[in-house]
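The values are calculated or read from the model by the stated rules, or taken from the named source; none is laboratory data. Small disclaimer: the values here were computed from a predicted structure and weren't measured. Cβ placement follows ideal geometry from the backbone for every residue including glycine, while neighbour counts extend to all protein chains displayed. Side chains are part of the model used for accessible areas, which takes the heavy atoms of the whole protein and leaves out ligands, DNA and RNA. Shrake-Rupley method; radii C 1.70, N 1.55, O 1.52, S 1.80 Å.
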Amino acid sequence: MPDESRELTPDELRWRCDPASLAFETTADLAAAATGEPISQARVVAAIEFGLGMERPDFNLFIAGPPRTGRTFTLLHHLRRRAGVRPKPSDWCYVHNFQDTDRPRAIRLAAGQGPVLQRDLLDLVGELKTEIPKTFESEEYEKRHEELVKSAREKRDGLVAALEERCKAAGFRVQQVPNGLACIPLKGGKPIRQQDYEALPPEEKEDHRRRQELLQGEINAVMREIRKLEKEAREVVKGLDRDTAMRAVRHAIEDLEEKYRENAAVLGHLRAVQDDVLANIDDFKRREPQQVIPGVMIPSPEPSFLRYHANVFVTHDDAGGAPVVLESNPTYRNLFGRVDRRAQFGALVTDFTMVKAGSVHRAGGGYLVIDALDVLRNLLSWDSLKRAIRDRAIKVEEIGDVYGIITTEGIKPEPIPLEAKVVMVGTPQLYWLLHRVDPDFRDLFKVKVEFDDDTERSDARIRELASFVASIGRQENLRPFDRAAVCVIVERAVEMTDDREKLTACYAELADLVREAEYCAARAGRSVVGAADVREAIAARRRRTGLVEDRFLEYFQRGDIFVDVDGAAVGQVNALSLYDLGDTSFARPARVTARVAMGRSGFLDIERESKLAGPIHTKGVMILSGYMLGTFGRERPIALAATLCFEQSYGPIEGDSASAAELIALLSALGDAPVRQDLAITGSVNQKGEIQPVGGVSRKIEGFFDVCRARGLNGTQGVVIPAQNVKNLVLREDVVEAAREGRFHVWAARTIEDCVKILIGRDAGKKGPRGAFPRGSVYAKVDERLAELARPGRRPDGEIIRPTGKNGSRPPKPRAKKRLPRGRIRISKPKRPRR
């Protein structure tokens with residue numbers, strides 16, 4: 001690997017896509033071959049296939065990847081393809097529980113049979129409401145009912161007649177009273193009036209009372225017999241009604257039992273329906289119209305047949321296999337369902353028909369896709385989701401009941417098994433956070449599917465990207481793109497990665513670029529989108545988001561920000577700062593200065609002292625001091641006071657990409673060597689003086705180029721970058737063209753000595769066999785200056801100048817020890833311990 005720096009050729013500044021490498025004229029030629037499949041990543045496909053193939057409940061998936069990388073689109077594509085070959089899951093219905101009305105029963109049915117059962121039960125109720133009244137109005141029933149009633153009436157009348165004969169013989173008459181039967185004394189065959197009875201002699205009254213008590217016992221016995229007869233008659237009539245209704249009910253239910261003979265749960269429910277119908281047969285009989293008097297008489301409510309209905313909770317009657325449910329708002333109720341209520345007579349009531357399913361229920365037998373951040377924002381959803389996966393059961397509960405905050409009287413539907421594969425989509429940072437702080441997450445989401453934000457650049461990937469452009473055009477009915485336009489899109493995909501060997505995986509950004517370029521072509525009236533349209537779309541986007549960038553450039557043009565782009569200066573270097581605003585990023589030069597003086601305070605970073613520097617920036621300054629110690633401090637200690645500063649910096653600074661510029665500024669100040677101001681430098685340095693690669697190098701070069709062009713290009717300006725960053729260069733066309741014309745330059749350096757030679761114009765110098773730098777080299781001057789700063793000097797008035805302490809004060813002189821006469825020994829006093 002060569003150690004010397006070199007100037008890069010224009011061809012090294014940008015990778016170009018050759019239109020001749022694409023085997024089509026326009027994307028219309030690819031429309032037939034464009035399947036609309038996502039541009040896949042091998043690692044992603046393997047992880048998805050593994051996670052979907054593992055049928056265990058704890059092997060759920062977490063899709064980790066940056067936004068806009070097509071992670072959701074790719075996931076849904078694989079889920080739908082796999083779901084299409086899976087069997088359709090079961091339907092679920094809730095029905096009335098006749099044993100416990102507050103706990104509706106859940107019934108599993110074959111796919112698409114839920115609505116069928118609901119219609120069958122509705123038809124059953126309708127048929128019973130029609131056939132049962134007909135059966136009870138038939139001549140056969142009327143005749144049999146009349147016979148039973150007549151027989152019971154005759155028996156009752158016989159008992160009453162026999163009682164009346166016995167009472168009449170005893171001088172009493174049997175009379176109907178509200179409480180039953182009573183005997184009234186007679187006189188002359190007529191009932192005795194109360195005043196006549198009171199006028200009777202006491203002996204006669206006592207005789208009447210005694211005879212009446214004897215008869216009352218017989219009356220009570222007859223009344224018991226009558227009540228027994230009436231009860232038996234009611235039972236006989238009820239049996240008649242039951243037998244009569246049974247014929248109508250069995251005729252209707254037998255067909256359903258035959259239809260659902262394979263489903264034991266449905267058969268059990270039909271038997272419960274039959275028993276309840278027979279127990280409440282009066283509800284089905286035809287009722288006479290009720291008289292309603294407003295404010296006086298309120299009609300009795302009509303009988304409800306809702307308990308015989310079925311609530312289709314989840315159904316899969318559409319074509320296709322297993323469901324793929326994408327829940328965009330994963331609140332607790334949207335995930336786990338709810339129990340609705342309706343107002344009735346000033347109260348809120350509910351029943352099993354008002355139980356509504358959530359997305360977890362609808363995804364049964366298939367896949368549920370949710371955004372991880374949205375779930376975590378809903379704390380109840382996250383806890384309940386983990387509980388459902390752990391218990392393999394989904395409960396429909398009110399939020400207050402789950403946590404015992406507010407308990408309301410209502411129904412508690414039977415839980416439904418959780419049979420869905422849960423897939424969460426989020427960022428890698430969110431995955432690491434959950435994996436670290438939530439033990440349940442590690443146990444329940446064991447399959448990580450990690451998306452990269454870029455892919456390898458290859459001919460196959462470029463063809464896939466061209467098919468991607470064709471797919472968007474076909475799906476959205478856009479104009480076709482010619483080969484040159486596709487090449488510009490490919491080059492843009494390389495630009496977005498800051499690496500010539502990579503293509504971006506942010507396909508959403510590229511899709512937007514396709515749409516914007518088609519808009520530019522449509523506005524220009526062209527039928528085919530060309531390279532100029534794509535470049536215009538890219539430039540238009542930069543103009544829309546470039547307000548802050550243009551404002552900074554304006555400050556440089558007006559001289560409000562001090563940066564020189566020509567000449568030379570001691571202890572002053574142009575570094576390059578990168579600004580990331582989210583939707584756009586750009587770079588601008590920043591002046592780095594260094595000052596040195598006598599002292600022992602060492603290297604002082606003003607940014608750190610003002611608490612504007614981040615930890616990485618501080619580390620870079622510390623590495624800088626390590627290089628200085630290793631290069632110049634081996635034979636003697638380094639004693640100096642040096643300050644480093646980013647001029648006109650009023651906000652936080654982070655990163656070590658300016659450490660090379662800071663080191664050049666320090667060396668320039670020590671060696672009194674002017675630094676070229678028409679050059680800027682970016683790169684971090686290690687303790688051995690090697691220039692390390694940094695990020696955003698293309699934007700940094702473009703940022704300095706924009707300032708130089710605004711001030712006026714003079715043919716000598718340029719940027720020094722780390723040699724390892726050459727592969728990351730994808731510069732704008734105007735920068736490459738300026739370099740081709742010799743108006744702008746880019747150098748690659750491997751060591752700080754290379755940077756010194758470029759920026760200062762003299763060799764840095766290497767130590768010879770005797771440990772000295774070559775005469776006239778930059779490092780020789782630096783070494784001499786450090787030696788001067790380390791030894792005392794004299795002021796013009798003759799006073800000796802000594803190095804100062806950290807606070808600028810002179811270090812105290814060491815006290816000379818007093819000599820003792822020969823033969824004597826100094827005994828030091830023990831120090832008193834501190835309290």
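Counting only the backbone N, which residues of the range 630-659 are under 15 Å from the spot 7 Å out from the Cα of LYS619 toward its beta-carbon?
Zone members listed by number: 654-659.
Per-residue HN-Hα couplings for the range 533-543, Karplus 6.51 cos²θ - 1.76 cosθ + 1.60 at θ = phi - 60°, whole Hz, x for Gly and Pro?
5, 5, 5, 5, 5, 5, 5, 5, 5, 5, 5
For the range 663-800, what % of the accessible area comes from carbon and sulfur atoms, probe 1.4 Å? Kindly include the intermediate steps, with their values, before the conclusion.
Values: 2570 of 5590 Å².
For the range 663-800, the apolar C and S fraction of the accessible surface comes to 46 percent.
Of the heavy-atom accessible surface of the range 506-551 (probe 1.4 angstrom), what whole percent is carbon and sulfur?
Values: 1280 of 2370 Å².
The C+S portion of the solvent-accessible surface of the range 506-551 is 54 percent.
Relative to the longest principal axis of the C-alpha atoms of the chain, give the angle of the C-alpha long axis of helix 264-279, reported between 0 and 90° and rounded to the nearest 10°.
Between helix and principal axis, roughly 40 degrees.
Note down the accessible area of ASP678, probe 1.4 Å, to the nearest 10 Å².
Looks like 10 Å² after rounding.
Rounded to the nearest 0.05, what FRET efficiency is calculated for LEU306 and GLU140 with R0 set to 30 Å and r the Cβ-Cβ distance? Provide the component values of the computation, followed by the final result.
On the way: r = 32 Å, r/R0 = 1.06.
Efficiency, rounded to the nearest 0.05: 0.40.
Give a residue-ordered list of calculated ³J(HN,Hα) values for the range 209-219 (Karplus: 6.51 cos²θ - 1.76 cosθ + 1.60, θ = phi - 60°; whole Hz; x for Gly, Pro).
5, 5, 5, 5, 5, 4, 5, 5, x, 5, 4
Which residue, VAL756, GLN648, GLY768, has the largest displacement toward the positive end of the dipole of the range 641-793 when charges sit on each Cβ (Lys, Arg +1; Asp, Glu -1)?
GLY768
Taking the Cα centre of the range 379-507 as origin, sum charge times position over the Cβ atoms of Lys and Arg (+1) and Asp and Glu (-1), and report the length of that vector in debye to the nearest 20.
Details: 20 positive and 25 negative charges, 61 e Å.
Roughly 300 debye for the range 379-507.
Report the charge-dipole magnitude of the range 18-137 in Debye, nearest 20, computed about the Cα centre from +1 at each Lys and Arg Cβ and -1 at each Asp and Glu Cβ.
340
How high is the relative contact order of the chain? Use alpha-carbon pairs under 8 Å, at least six apart in sequence, and give a whole percent.
16
Provide the per residue accessible area, probe 1.4 Å, for the range 1-157, rounded to a whole number of square angstrom.
On the way: 8550 Å² over 157 residues.
Counting only protein heavy atoms, the per-residue value for the range 1-157 is 54 Å².
Can you send over the carbon and sulfur percentage of the accessible area for the range 314-365, probe radius 1.4 Å, protein chains only? Spell out each step's value before the answer.
Values: 1220 of 2430 Å².
Reported share for carbon and sulfur atoms: 50 percent.
Tell me, what is the 1.4 Å probe accessible area of LEU306, in Å² to the nearest 10?
Ignoring ligands and nucleic acids, LEU306 comes out at about 50 Å².
Using only helices, what value at 222 nm comes out for the chain when you add -39,500 (n - 2.57) per DSSP H run of length 4 or more and divide by the total residues, to the nearest 500 deg cm²/dmol? If you can, show how the numbers build up before the last one.
Values: 26 runs with 363 residues, N = 835.
Taken over the chain, the calculation gives -14000 deg cm²/dmol.
Working out 0.36 nm times the residue gap between TYR579 and ASP438, then minus their Cα-Cα distance, what length gain in nm do you get to one decimal?
Stretched fully, the TYR579-ASP438 segment lengthens by 47.2 nm.
Whole number in Å², please: accessible area per residue of the range 667-790, 1.4 Å probe, ligands, DNA and RNA not counted. Don't skip to the end; give the middle numbers.
Values: 4650 Å² over 124 residues.
Roughly 38 Å² per residue, with all protein chains present.
How much accessible surface does HIS96 have with a 1.4 Å probe, in Å² rounded to 10?
Probe radius 1.4 Å; accessible area of HIS96 about 30 Å².
With every protein chain present, what is the per residue accessible area of the range 443-503 (1.4 Å probe, Å²)? Don't jump to the answer; show the numbers that get you there.
Values: 2540 Å² over 61 residues.
Using a 1.4 Å probe on heavy atoms only, each residue of the range 443-503 averages 42 Å².
Give me the distance in nm between label points sitting 7 Å out from Cα along the Cα-to-Cβ direction at GLU509 and ARG392, one decimal.
4.5
For PHE59 and LEU604, what does the FRET efficiency come to when R0 = 45 Å and r is the distance between their Cβ atoms, rounded to the nearest 0.05?
According to the calculation, E is roughly 0.20.
Show me the trypsin sites (Lys or Arg not before Pro) within the range 645-733 that DSSP assigns to loop and that have at most 15 other Cβ atoms within 10 Å of their Cβ. Write out the running numbers ahead of the final one.
Details: sites: ARG676, LYS688, ARG699, LYS700, ARG709, ARG711, LYS727, ARG732; in loops: LYS688, ARG732.
Answer by residue number: LYS688.
In debye, nearest 20: dipole of the chain around its Cα centre with unit charges on the Cβ of K, R (+) and D, E (-)?
Numbers: 134 positive and 125 negative charges, 1368 e Å.
Using Cβ point charges on Lys, Arg, Asp and Glu, the chain gives about 6580 debye.
Decide, for the range 302-348, between rounded, prolate and oblate: order the square roots of the alpha carbon gyration tensor eigenvalues as a ≥ b ≥ c, take rounded if a/c falls under 1.5, and otherwise choose prolate if a/b is larger than b/c, else oblate. Please report the intermediate quantities before stating the final value.
Details: a/c = 4.99, a/b = 1.55, b/c = 3.22.
Oblate shape, in that a/c is at least 1.5 and b/c is the bigger or equal ratio.
Rounded, prolate or oblate: which one fits the range 1-160, using the alpha carbon gyration tensor with axes a ≥ b ≥ c (rounded when a/c is under 1.5, else prolate when a/b beats b/c, else oblate)? Each step should come with its number before you reach the end.
Numbers: a/c = 6.89, a/b = 3.76, b/c = 1.83.
Prolate, since a/c reaches 1.5 and a/b exceeds b/c.
Quick one: ranking LEU30, LEU380 by accessible area, 1.4 Å probe, largest first, what do you get? Before the final figure, lay out each step's value.
Values: LEU30 35, LEU380 55 Å².
Ranked from most to least accessible, the order is LEU380, LEU30.
Placing +1 on the Cβ of each Lys and Arg and -1 on the Cβ of each Asp and Glu in the chain, which of THR315, ALA508, ALA343 has its Cα farthest towards the positive end of the resulting dipole?
Farthest towards the positive pole: ALA508.
Taking all protein chains together and a probe of 1.4 Å, list ASP91, ASP383 from the most accessible to the least accessible.
On the way: ASP91 0, ASP383 45 Å².
So the residues, ranked largest to smallest area, are ASP383, ASP91.
Near the amide H of LYS502, under 5 Å away, which other amide H atoms are found, from residues 5 or more places off or on another chain, if H is placed in the peptide plane?
Counting only residues 5 or more places away or on other chains, the set is ARG457.
Which percent, nearest 5, of DSSP beta bridges in the chain are antiparallel?
On the way: 55 of 87 bridges.
Rounded to the nearest five, the antiparallel share is 65 percent.
Heavy atoms only, 1.4 Å probe, whole protein assembly: order CYS755, CYS506 by accessible area, highest first. Let's see the in-between values first.
Numbers: CYS755 0, CYS506 25 Å².
Solvent-accessible surface, decreasing: CYS506, CYS755.
Could you run the Karplus curve 6.51 cos²θ - 1.76 cosθ + 1.60 with θ = phi - 60° over the range 555-563 and give me ³J(HN,Hα) per residue in whole Hz, x for Gly and Pro?
4, 5, 5, 7, x, 5, 9, 7, 9
Pull out a ≥ b ≥ c, the square roots of the eigenvalues of the alpha-carbon gyration tensor of the range 296-383, then state rounded if a/c is under 1.5, prolate if not and a/b is larger than b/c, and oblate in the remaining case.
On the way: a/c = 4.89, a/b = 1.83, b/c = 2.68.
The shape class here is oblate.
The list (1) 166, 97, 51; (2) 101, 81, 49; (3) 95, 67, 60 gives values of Cα extents along the principal axes in Å, and only one came from this structure; which label was calculated from it?
(1)
Near the amide H of LYS412, under 5 Å away, which other amide H atoms are found, from residues 5 or more places off or on another chain, if H is placed in the peptide plane?
Residues meeting the criterion, in which the H sits 1.01 Å from N, are ARG103.
Given THR135, SER151, ALA162, which one lies farthest toward the positive end of the charge dipole of the range 93-176, if we put +1 on the Cβ of every Lys and Arg and -1 on the Cβ of every Asp and Glu?
Farthest towards the positive pole: ALA162.
Quote the FRET efficiency, to the nearest 0.05, computed for LEU214 versus ALA161 with a Förster distance R0 of 25 Å and r equal to the Cβ-Cβ distance.
Taking R0 as 25 Å, the efficiency between LEU214 and ALA161 is 0.85.
Nearest 10 degrees is fine. How inclined is helix 659-671 to the longest principal axis of the chain, computing both from alpha carbons?
20
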